[in-house]
Amino acid sequence: MKALKVLALLGLVFAAGVVAGVTGTRFAVKKVIEQATQKPEVVRVKLEVELTRTLKLTPEQRPKVLEIIGRGFEDIQQLRGDFRPRLGAILKRSEREIREVLDERQKVKLDLMLKKKSPSVPALARPEL
């Protein structure tokens with residue numbers, strides 16, 4: 001009986017560790033993605049520092065690599081600018097088509113669900129019809 005209690009306690013400790021690890025990882029990944037999308041300059045600087053340090057770039061290589069990184073980030077910003085309006089239009093269209101299938105009670109629930117779960121996706125966060 002005593003051994004069973006010890007095993008049960010060990011199982012609970014293990015399960016708590018797994019839950020804490022999964023939760024912590026999700027939080028960390030979410031923060032990294034959030035930072036990358038909201039503050040791309042921070043990501044750029046971190047990348048520059050990491051490449052310079054890890055690759056031990058020479059004084060001749062460093063400005064060339066930094067210029068390449070800068071151009072890449074400018075291209076990514078341009079792509080985001082082109083992509084967001086198209087994504088927003090697709091999301092709004094999908095939401096509109098879903099609403100056409102729902103009854104009034106379901107529409108209210110959808111509104112609540114979207115406000116609660118999708119504040120980072122403007123097209124889905126607020127009903128605009």
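Would you calculate, for the chain, the mean residue ellipticity at 222 nm contributed by helices, counting each DSSP H stretch of 4 or more residues as -39,500 (n - 2.57) and dividing by all residues, to the nearest 500? Calculated at 222 nm, the ellipticity per residue is -30500 deg cm²/dmol. Per residue, the chain exposes 83 Å² of solvent-accessible protein surface, assessed with a 1.4 angstrom probe and all protein chains in place. Expressed as a whole percent, the accessible surface of the chain that belongs to carbon and sulfur atoms is 65, based on a 1.4 Å probe. Membrane-span-like helices in the chain, defined here as complete DSSP H runs extending at least 15 Å along the helix axis by their C-alpha atoms with mean Kyte-Doolittle hydropathy no lower than -1.0, are 2-38, 40-55, 61-101; this is a sequence and geometry rule, not a statement about a membrane. Cross-link check: pairs LYS30/LYS64; LYS30/LYS117; LYS30/LYS116; LYS92/LYS115; LYS31/LYS117; LYS30/LYS92 evaluated at a Cα-Cα cut-off of 20 Å; pairs beyond the cut-off: LYS30/LYS64; LYS30/LYS92.
The values are calculated or read from the model by the stated rules, or taken from the named source; none is laboratory data. Small disclaimer: the values here were computed from a predicted structure and weren't measured. What goes into the accessible areas is simple: the full protein's heavy atoms, side chains included, and nothing from ligands, DNA or RNA. Shrake-Rupley method; radii C 1.70, N 1.55, O 1.52, S 1.80 Å.
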